[in-house]
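Below is one structure, written out as structure tokens; the observations come after it.
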Amino acid sequence: MIILLDIGNSRVKMAELKGEGVVQQGIFDNPEELFEAIDRYKPESIWVSSVVPDYSKTIKERCSGKAGVNLISHRSNFSFRIAYRTPETLGTDRLCGMEGALFYAERKGISIENKRVVTIDLGTATTINIMNERREFTGGTISPGVFTMIGSLTTNTAQLPGISDRGFILETGYDTETCIGSGVLNSQIGLIEKVLGSVSKGGAVVFVTGGNYLYLHRFLRFEHIHVPDLILRGVGALCIRTL
């Protein structure tokens, strides 16, 4: 059994690699629950994309002698070239998301020839990642995610509250909740649309993932492919390419 892990800033997603597909096995907020699951499944190997170095180190230590642990880095066997000035600082979630997009496109017969590929991850951070027509990962943008923005306001101000789903509107707000929602939403959508406007000339295939898609999807007015487990698919694709 091969286990795939996507360790993000907020939680850990786990899946099993079956053939060329991934089967979701759990989402964990607590490290001990994750290790209990690993002990229960008794995998032969574990493939890890992580943006939390301490978590990666703990997995390596806790699974020593139980399973082979493969920590993905910018040196891993990606199917594209990394044309990024500081690859050692590049999050493996961004790289695995792109790998997942290419793997998904290939398996679904989606043509990306002579097109740019863009992945958008709507999580704790909102990342936009770009691969050019020469199959080079060139960079993108990183900004605070929806609830990171809201949390910053509630933490650093005396009177601004958190908001519910009703607060998310594109027009200007009519009370404090909708004013916050409008500001945050337009910051997110405006950034995404501006970046896509600059990179989509000549054609681009856009993939969207991340937990905040739940709140933003109805406001996304551009053509895109939603793949909830995009990063895990990329981890699985790397495993397949390497084995």
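Screening VAL208 on (1) touching a helix residue (DSSP H, G or I) at 6+ places or on another chain (Cβ under 6 Å); (2) closer than 30 Å to LYS18 by Cβ shows it passes everything except condition (1).
From the list GLY202, GLY167, GLY139, GLY173, pick out the single residue that is among the small types (Gly, Ala, Ser) and touching a Cys at 6+ places or on another chain (Cβ under 8 Å). GLY173 is the lone residue from the list that is among the small types (Gly, Ala, Ser) and touching a Cys at 6+ places or on another chain (Cβ under 8 Å).
Let's see how each residue does on (1) more than 15 Å from GLY100 (Cβ to Cβ); (2) part of a loop (DSSP other than H, G, I, E, B); (3) without any contact (Cβ under 8 Å) to a residue 60 or more places away in the chain:
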position	(1), (2), (3)
PHE207	no, no, no
GLY211	yes, yes, no
LEU216	yes, no, no
GLU223	yes, yes, yes
ILE231	no, no, no
GLY234	no, no, no
LEU238	no, no, no
ARG241	no, no, no
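For region 103-125: of the residues being in contact with a helix residue (DSSP H, G or I) (Cβ under 6 Å, 6 or more places away or on another chain) and polar (S, T, N, Q), which is nearest to VAL208 (Cα to Cα)? The extreme case among them is THR119.
Determine if region 64-73 includes at least one residue that is crowded, with 22+ Cβ neighbours inside 10 Å and under 25 Å from THR141 (Cβ atoms). Talk me through it step by step, then tell me what you get.
Step one: list which residues in region 64-73 are crowded, with 22+ Cβ neighbours inside 10 Å, which gives 72.
Those still in the list that are under 25 Å from THR141 (Cβ atoms) too: 72.
There is at least one residue in region 64-73 that is crowded, with 22+ Cβ neighbours inside 10 Å and under 25 Å from THR141 (Cβ atoms).
Among the conditions (1) under 20 Å from the mean Cα position of the chain (by Cα); (2) within 30 Å of GLU33 (Cα to Cα), ALA105 misses just one, which is (2). Taking the criterion of being among the aliphatic types (A, V, I, L, M) and either surrounded by fewer than 16 Cβ atoms within 10 Å (Cβ to Cβ) or modelled with pLDDT under 95 (or both), the residues of region 170-212 that qualify are LEU170, LEU191, VAL199.
The values are calculated or read from the model by the stated rules, or taken from the named source; none is laboratory data. For clarity, every value in this text was computed on a predicted model and none was experimentally measured. Heads up, the Cβs are rebuilt from the backbone with ideal geometry, glycines too, and the neighbour counts pull from every protein chain shown.
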